[in-house]
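Q: Sharing a structure here in structure tokens format.
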Amino acid sequence: MQKSRFSLKKCLLLLSWLPFCAPSHADAVLLGQPAPLFQLQAQDGSVVNLSERQGKGWTVLYFYPKAGTPGCTKQACAFRDAIASIRQQNAEVYGVSTDEVKNLQDFHQEHKLAFKLLSDPDAKTTNAYGVKMPVLTMAKRWTFIIDPSLVIRQIDDDVDPALDARRVVDELKRLQSGQ
């Protein structure tokens, strides 16, 4: 009897890597499609329901992996510093992560953020937007711009934490000018 080239141990090892090789759900949300609706708790205990944003201006959703990490801190502070410019474009910013509300509250206070951070501990919204990391219950760093009718108008899947807020301001101007 000939020996198999793959042992059971090797096969299990290969199978354990499949989630990392599997395609992401990024194609679940496309430009021009309605934004997946959600209702999430913010760091201050309030509830944010995306459907209530309809007709009230533009919405910027930025997903990030974990509050307090260097890249996430840099990104949040950049949005904090650009919030006046973003609001001049009739837009509101929401940061979304799978962190618990208490962690978001501490992060929000520490960095004096002027926009809401939303908690998605079960990653349902993160998954609906196609930004859940394989295996981990964490979001990838992606940014979505949603128009007042709740249609996705911009998706950035190559986010530089330091430049994201500036890119959002520029993109809002471009989108609103009809270019």
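What follows is calculated from the coordinates using simple rules that are stated; it is not laboratory data. Since this is a predicted model, take the numbers as computed values, not measurements. In this analysis, Cβ positions are derived from the backbone assuming ideal geometry, glycine residues included, and neighbour counts consider all displayed protein chains.
Q: Given H placed on each backbone N at 1.01 Å, which residues far from V96 in sequence or on other chains put an amide H within less than 5 Å of it?
A: Counting only residues 5 or more places away or on other chains, the set is Y62, F63, Y64, L118.
Q: Still on this structure: How large is Rg over Rh for the stretch 40-177, taking Rg from the Cα atoms and Rh as the Kirkwood inverse mean of 1/r across Cα pairs? Walk me through the numbers before you get to the answer.
A: Numbers: Rg = 13.6 Å, Rh = 14.7 Å.
Answer for the stretch 40-177: 0.92.
Q: Charges on Cβ only, +1 for Lys and Arg, -1 for Asp and Glu, centred on the Cα centroid of the stretch 40-177; of Q154, V96, L118, which one is farthest towards the dipole's positive end?
A: Farthest towards the positive pole: Q154.
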